[in-house]
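**Student:** Sending over a structure as structure tokens; questions will come in a sec.
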Amino acid sequence: MTTETTNRMDVTFQNLKQQGRAALIPFLTVGDPDLETTLAIIQELEAAGADMLELGVPYSDPLADGPVIQRASARALKSSIHVRTCMETALKARQAGSTLPFILFTYYNPVLQMGLDNFFAEVNNHEISGLIIPDLPVEESADMRRRSREVGVNLIPLVAPTSSERIAKIVTGASGFVYCVSSLGVTGERSSFHAGVEEFISSVRQATDLPVAVGFGISTSEQVARFASICDGVVVGSAIVRKVEDVIPLLDNPATRSEGLLQIREFVAQLRPAESRLL
Amino acid sequence: MIEVPDQQGRFGSFGGRYVPETLMNALIELEEAYRKYSGDPAFQAEIDYLLKQYSGRETPLYYAERLSKHLGEAKIYLKREDLNHTGAHKINNAIGQGILAKMMGKTKVIAETGAGQHGVATATVAALLGMECKVFMGEEDTRRQALNVFRMKLLGAEVIPVTSGTRTLKDAGNEALRYWVSHVDDTFYVLGSAVGPHPYPMMVRNFQRIIGDETRRQILEAEGRLPDLLVAAVGGGSNAIGMFYPFVGDDGVGMIGVEAAGKGVDTPFHAATMSKGSHGVFQGSMSYLLQDEYGQVQEAHSISAGLDYPGVGPEHSYLKDIERAQYVPVTDDEAMDALKLLCVTEGIIPALESAHAIAHVAKIAPSLTKDDIIVICLSGRGDKDVESILAYTEGAEKK
């Protein structure tokens, strides 16, 4: 294992730390509503101030996801988007000039069916910096962790408010960042978070030197600001996916497509207004 | 025989725990509570009392003489799980998990259901124990099994129609898990089949093994020896594993799990997970799974809502791979013919699920001899299916 940092995600977190900023990490379901639009949305998110991106692989049975991302998955699956397509999308975005670190968010079964050898060979040459596998707890992840290390990609562990004494075990040997689940429940916008979420995040901080990000249910600029002040990264998922869903009629019509893309950019830009970027 | 599952909930390479981190502590607590109470005589006594006085166990092992003679020379016995309170084996597990929930101090239970039998069983036990109950049921199934929906409501449960995905059992399971993630603090998930993350497959098996334990005792009494063959329908596989498990160490006892072939295993419309599936992770465990080349879970099809499931319990996958049990498909048409056969030879209307097991025996019995003894697990009664049967008979059933 090399100590030299070449992972784009690690570099981004180091730079942000020097600037005293938290990462804004939007989530997108790849292929919703189609691949070409996903590439266009990635450009908009970058322009809107995203620091890294979660690229969601659509799945037939997304256990950890609420209705918004379920619907996005169902739309994307109509055009048979799968793990490989998502990785190709990351590579195309890079070739089109994106400098963002890409995190592939996928359930475990699609990875398993691709075969771990194939999967990691492709991860390695498709500009993927990190992996999030929401249904792969630490007990089942030894093989994935080892292989991730070998190719220099970060397998991002999730910790939940219910993890308590499991936190130490989960973060030991992790890389990239630690993903704190804000509340009990599936993904989706919410107005309140787990009582004691601050204490939870600070207990995770005490357990690791890695950057700590928070996600699940964060949808407004107030919520982003609240968590940006105590975390190194904030993930916004369903709120953005819902925005995409709302503007699909605009995106589908060539005459209004740029208006639809602009609305997505503006929504993400207002999540962290320029004046509050330097915390 | 190696005792399975191991500490990680593995049956060979199957099983395990593939769930969001939010659920891990709840599963660990559940496993600890189960291990603690299953060694507690008071816990077992309470379950035994309810199984006997409330559900009416033990259920008979009935020699189906007219069916046997109709099919040839072999002796066919029926393990009458249909005579349980609520009409199916599902109550065995619902009582067990319900008492466990009570011991753990939980006051709310949730369940998923396909045909509605497990939903009815859970609603029944929740009423008995004074607990709040929510049942998740695919919208498609709420139409196919409207009578069971009404039963659950009568019993005081809330039935939540699931409109995601294929709107059948698999989606009801997904939705129950999602709900559990959000309410893990005060809610006990009464999972209905021998599937899901560890410890459910082990726990459900152990609550259902009473089927096989009684059968062993009863057949020894009736015949003075063990049967040659056990046959049971497999959707998730809880009645089958309950029947098989106590006989796994008896080499002379064959075991056949019968899965739903729907319109045929060579059509896209079947639920033959073992015959046509491959290894995959689904709803918390590694097992055989109906999926496409990209790992997307495929829709299952069967006339029987209880077998309409693209996964299967991990212990069945294990028994298949070590070649201890055999798994065979039976089509909708074959199951329907077998259902009618049992009606006219024995005066018993079986559940469509159980009719699959009878159908396979109808295929193989003619080639057996008078020295062969077969036990079929008659997992449930068919009253709930009468409307489906009528529709099918009239050719109106579309699926």
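Here, each number is a calculation from the coordinates, and none is a lab measurement. Since this is a predicted model, take the numbers as computed values, not measurements. FYI the Cβ positions are ideal-geometry reconstructions off the backbone, even for glycines, and counts take in every protein chain you see.
**Student:** Would you work out which of B:Leu128, B:Tyr179, B:Thr142 lies farthest towards the positive end of the dipole of region B:122-253, given +1 charges on the beta-carbon of Lys and Arg and -1 on that of Asp and Glu, about the Cα centre?
**Tutor:** Of the options given, the answer is B:Thr142.
**Student:** Through the Karplus equation 6.51 cos²θ - 1.76 cosθ + 1.60, θ set to phi - 60°, convert the phi angles of region B:146-158 into ³J(HN,Hα) values in whole Hz; use x for Gly and Pro.
**Tutor:** Using θ = phi - 60°, the values come out as 4, 5, 5, 4, 5, 4, 4, 5, 4, 7, x, 8, 9 Hz.
**Student:** Also: Largest first, please: the extent of the C-alpha atoms of the protein assembly as shown along each principal axis, to the nearest Å.
**Tutor:** On the principal axes, the protein assembly as shown reaches 84, 55, 49 Å in Cα extent.
**Student:** Now, a different point. Within 10 Å, count the other beta carbons around each residue, average over each peptide in A:127-133, B:184-190, and list them highest first. Mind dumping the intermediate values first?
**Tutor:** Working: A:127-133: 23.4, B:184-190: 21.0.
Highest mean packing first, the order is A:127-133, B:184-190.
**Student:** Working out 0.36 nm times the residue gap between B:Lys52 and B:Glu139, then minus their Cα-Cα distance, what length gain in nm do you get to one decimal?
**Tutor:** Numbers: separation 87, 0.36 × 87 = 31.32 nm, distance 3.43 nm.
The span from B:Lys52 to B:Glu139 would gain 27.9 nm if fully extended.
**Student:** Checking the a/c ratio against 1.5 first, then a/b against b/c, what shape does the Cα gyration tensor give for region B:20-138? Please list the in-between numbers first.
**Tutor:** Details: a/c = 2.24, a/b = 1.88, b/c = 1.19.
Here region B:20-138 falls in the prolate category.
**Student:** Can you give the relative contact order of region B:245-399 as a percent, counting alpha carbon pairs under 8 Å and 6+ residues apart? Let's see the in-between values first.
**Tutor:** Values: 251 pairs, mean separation 32.6, N = 155.
The value is 21 percent.
**Student:** From Cα pairs below 8 angstrom and at least 6 apart in sequence, can you work out the relative contact order of chain B, rounded to a whole percent?
**Tutor:** Details: 879 pairs, mean separation 80.7, N = 399.
Computed over chain B, the figure is 20 percent.
**Student:** Next question, about the same structure. List the extent of the Cα atoms of region B:111-255 along each of their three principal axes, largest first, rounded to whole Å.
**Tutor:** 49, 29, 29
**Student:** Continuing with this model, one more query. Run lengths n ≥ 4 of DSSP H only: what is the helix-derived mean residue ellipticity at 222 nm for chain A, with -39500 (n - 2.57) per run over all residues, to the nearest 500?
**Tutor:** Values: 12 runs with 129 residues, N = 279.
That comes out to -14000 deg cm²/dmol.
**Student:** Another one. Would you mind pulling out the separation of the Cα centroids of region B:94-173 and region A:9-55, in Å?
**Tutor:** 42
**Student:** How do B:Tyr63, B:Tyr309, B:Tyr34 rank when sorted from fewest to most other Cβ atoms within 10 Å of their own Cβ?
**Tutor:** Going from sparsest to densest Cβ surroundings: B:Tyr63, B:Tyr34, B:Tyr309.
**Student:** Moving on. Could you work out which residue, out of A:Leu262, A:Leu158, A:Leu28, moves most in a Gaussian network model of chain A, that is, has the largest mean-square fluctuation with Cα springs under 10 Å?
**Tutor:** Result: A:Leu262 has the largest fluctuation of those listed.
**Student:** Which one, A:Pro67, A:Cys86, A:Gly97, projects farthest toward the positive side of the charge dipole computed for region A:1-151 from Cβ point charges (K/R +1, D/E -1)?
**Tutor:** A:Gly97
**Student:** Can you give me the three principal axis dimensions of region B:240-399 from its C-alpha atoms, in Å, biggest first?
**Tutor:** Answer, in whole Å and largest first: 44, 42, 25 Å.
**Student:** What is the magnitude of the charge dipole of region B:159-255 about its Cα centre, with +1 placed on the Cβ of each Lys and Arg, -1 on the Cβ of each Asp and Glu, and no other charges, expressed in debye to the nearest 20? Write out the running numbers ahead of the final one.
**Tutor:** Values: 8 positive and 11 negative charges, 44 e Å.
About 220 debye.
**Student:** If you average 1/r over all unlike Cα pairs in region B:219-319 and invert the result, what Kirkwood radius do you get in angstrom? Write out the running numbers ahead of the final one.
**Tutor:** Values: mean 1/r = 0.0696 Å⁻¹.
Hydrodynamic radius (Kirkwood, Cα only) of region B:219-319 equals 14.4 Å.
**Student:** Any idea what the relative contact order of chain A is, in percent, if you count C-alpha pairs under 8 Å spaced at least 6 apart? Before the final figure, lay out each step's value.
**Tutor:** Details: 506 pairs, mean separation 61.3, N = 279.
Rounded, it is 22 percent for chain A.
**Student:** Right, another one. Averaged across A:181-190, how many Cβ atoms of other chains sit within 10 Å of each residue's Cβ atom? Display every interim value, and only then the final one.
**Tutor:** Working: counts 4, 0, 3, 9, 9, 9, 1, 2, 0, 1.
Mean partner-chain Cβ count within 10 Å for A:181-190: 4.
**Student:** Moving on. What are the residues whose amide H is under 5 Å from the amide H of B:Glu112, where those residues sit 5 or more places off or on another chain and H is modelled from the backbone?
**Tutor:** Answer set, sorted by chain and number: B:Phe136, B:Gly192.
**Student:** Right, another one. List the residues, sorted by chain then number, that are 5 or more residues from B:Tyr77 or on another chain and whose placed amide H is less than 5 Å from its amide H.
**Tutor:** Counting only residues 5 or more places away or on other chains, the set is B:Ala64, B:Ile374, B:Val375, B:Ile376.
**Student:** Taking the Cα centre as origin and putting +1 on Lys and Arg beta-carbons and -1 on Asp and Glu beta-carbons, what dipole magnitude results for the protein assembly as shown, to the nearest 20 debye?
**Tutor:** On the way: 63 positive and 86 negative charges, 124 e Å.
With Lys and Arg at +1 and Asp and Glu at -1, about 600 debye.
**Student:** Amide H of A:Val159 versus every other amide H placed in the peptide plane: which residues, excluding those fewer than 5 positions away on the same chain, fall under 5 Å?
**Tutor:** Distant-sequence amide H within range of A:Val159: A:Tyr179, A:Cys180, A:Val181.
**Student:** Sort chain A into rounded, prolate or oblate with this rule: let a ≥ b ≥ c be the square roots of the eigenvalues of the Cα gyration tensor; rounded if a/c is under 1.5, and if a/c is not under 1.5, prolate when a/b is larger than b/c, oblate otherwise.
**Tutor:** On the way: a/c = 1.41, a/b = 1.15, b/c = 1.22.
Here chain A falls in the rounded category.
**Student:** Sort the following peptides by mean Cβ neighbour count (other Cβ atoms within 10 Å, averaged over residues), highest first: B:334-346, B:117-129, B:78-90.
**Tutor:** Working: B:334-346: 19.2, B:117-129: 26.8, B:78-90: 24.9.
For the peptides B:334-346, B:117-129, B:78-90, the packing ranking is B:117-129, B:78-90, B:334-346.
**Student:** For the ranges B:155-162, A:41-48, what's the packing order if you count other beta-carbon atoms within 10 Å of each residue, average per peptide, and put the highest first? It would help to have the intermediate numbers written out before the result.
**Tutor:** Numbers: B:155-162: 19.0, A:41-48: 20.6.
My ranking of the peptides, most packed first, is A:41-48, B:155-162.
**Student:** Please enumerate, by chain and number, the lysines with C-alpha under 22 Å from the C-alpha of B:Lys36, excluding those fewer than 8 residues away in the same chain.
**Tutor:** Excluding near neighbours in sequence, the set is B:Lys102, B:Lys106, B:Lys108.
**Student:** Further question: So what's the back-of-envelope 222 nm ellipticity for chain B, counting only DSSP H runs of four-plus at -39500 (n - 2.57) apiece and dividing by all residues, rounded to 500? Let's see the in-between values first.
**Tutor:** On the way: 16 runs with 168 residues, N = 399.
Result for chain B, helices only: -12500 deg cm²/dmol.
**Student:** Pairs B:Lys90/B:Lys153; B:Lys340/B:Lys363; B:Lys134/B:Lys170; B:Lys79/B:Lys276; B:Lys79/B:Lys340; B:Lys90/B:Lys363: which are spaced more than 23 Å apart, C-alpha to C-alpha?
**Tutor:** Numbers: B:Lys90/B:Lys153 18 Å; B:Lys340/B:Lys363 15 Å; B:Lys134/B:Lys170 17 Å; B:Lys79/B:Lys276 29 Å; B:Lys79/B:Lys340 18 Å; B:Lys90/B:Lys363 27 Å.
In this structure, B:Lys79/B:Lys276; B:Lys90/B:Lys363 exceed 23 Å between Cα atoms.
**Student:** Could you list the trypsin sites (Lys or Arg not before Pro) in region B:195-272 that lie in coil according to DSSP, counting only those with at most 15 other Cβ atoms within 10 Å of their Cβ?
**Tutor:** On the way: sites: B:Arg205, B:Arg209, B:Arg216, B:Arg217, B:Arg225, B:Lys263; in loops: B:Arg209, B:Arg225, B:Lys263.
Here the sparse-neighbourhood loop sites are B:Arg225.
**Student:** Now for a separate question. Hey, in the GNM for chain B with a 10 angstrom Cα cutoff, which one of B:His301, B:His279, B:His70 fluctuates hardest?
**Tutor:** Most flexible of the set in this elastic network: B:His70.
**Student:** Continuing with the same structure: Please report, in debye to the nearest 20, how large the charge dipole of region B:261-399 is about its Cα centre when each Lys and Arg carries +1 at its beta carbon and each Asp and Glu carries -1 there.
**Tutor:** Numbers: 11 positive and 21 negative charges, 30 e Å.
It comes to approximately 140 debye.
**Student:** Please compute, for peptide A:104-117, the average count of beta-carbon atoms on other protein chains lying within 10 Å of each residue's beta-carbon. Before the final figure, lay out the partial values.
**Tutor:** Details: counts 0, 0, 1, 6, 6, 12, 7, 2, 9, 11, 3, 0, 0, 0.
Rounded to a whole number, the mean comes out at 4.
**Student:** If you don't mind, there's one more thing I want to ask. Which of rounded, prolate or oblate describes chain B when judged by the alpha-carbon gyration tensor and an a/c cut-off of 1.5? Spell out each step's value before the answer.
**Tutor:** Working: a/c = 1.36, a/b = 1.23, b/c = 1.11.
Judged from the Cα gyration tensor, chain B comes out rounded (a/c under 1.5).
**Student:** Using the alpha carbon gyration tensor of region A:142-279, what are the three equivalent-ellipsoid semi-axes (square root of 5 times each eigenvalue), largest first, in whole Å? All intermediate terms of the calculation are to be shown ahead of the outcome.
**Tutor:** Values: eigenvalues 191, 70, 40 Å².
Ellipsoid semi-axes (Å, largest first): 31, 19, 14.
**Student:** Across region B:102-112, in residue order, what do the Karplus-derived ³J(HN,Hα) couplings come to in whole Hz, using 6.51 cos²θ - 1.76 cosθ + 1.60 with θ = phi - 60° and x for Gly and Pro?
**Tutor:** Once θ is set to phi - 60°, the couplings for region B:102-112 become 4, 4, 7, x, 7, 10, 10, 10, 10, 8, 9 Hz.
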